[in-house]
Amino acid sequence: MTTEATTTDAAHGSKRTLVGKVTSAKMQKTVVVEVVRSVRHPVYGKYVRKRSKYKAHDEQQSYREGDVVEIREHRPLSREKRWTVIRLVERPEVT
């Protein structure tokens, strides 16, 4: 049985992690994280910024708008939530 367990673990692989900025923290236990990445255009070769927004689970409701956080893939928690917040990367200074 141990060989089957290791085979299934290896087949599933690891979960993806992304780093992004919290754009909304108005929902209960949920934050919206915007991930910006640069992708090279296939024809022109210019680098274009692509943005994606993900809803992530925040159990303690400790993250605020403007925080840079790391999120990881998770099982579906609701209709649109498939990510969970792992850690705070950077918090902006309050002026």
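LYS81 passes every criterion in (1) touching a His at 6+ places or on another chain (Cβ under 8 Å); (2) at pLDDT below 95 apart from (2).
In the range 40-56, of all residues being of a type outside the set (D, E, K, R) and within 18 Å of the chain's Cα centre (by Cα), the one that is surrounded by the most Cβ atoms within 10 Å (Cβ to Cβ) corresponds to ALA56. Taking the range 54-77 as the range and being free of Cβ contacts under 8 Å to residues at least 24 places away in the same chain and under 15 Å from VAL32 (Cβ atoms) as the test, only LEU77 passes. Under the condition of being closer than 18 Å to THR17 by Cα and either in contact (Cβ under 8 Å) with a residue 40 or more places away in the chain or polar (S, T, N, Q) (or both), the residues counted in the range 78-95 number 6. Within the range 60-73, being under 25 Å from GLY13 (Cβ atoms), in contact with a Lys or Arg (Cβ under 6 Å, 6 or more places away or on another chain) and not basic (Lys, Arg) holds for GLU70, GLU73. Condition check for ALA5 on (1) modelled with pLDDT under 95; (2) surrounded by 10 or more Cβ atoms within 10 Å (Cβ to Cβ); (3) of a type outside the set (Phe, Trp, Tyr): one failure, at (2).
The values are calculated or read from the model by the stated rules, or taken from the named source; none is laboratory data. Please read these numbers as outputs of a predicted model, since none were measured by experiment. Using ideal geometry, Cβ is built from the backbone for each residue, glycine included, and neighbour counts are taken over all protein chains shown.
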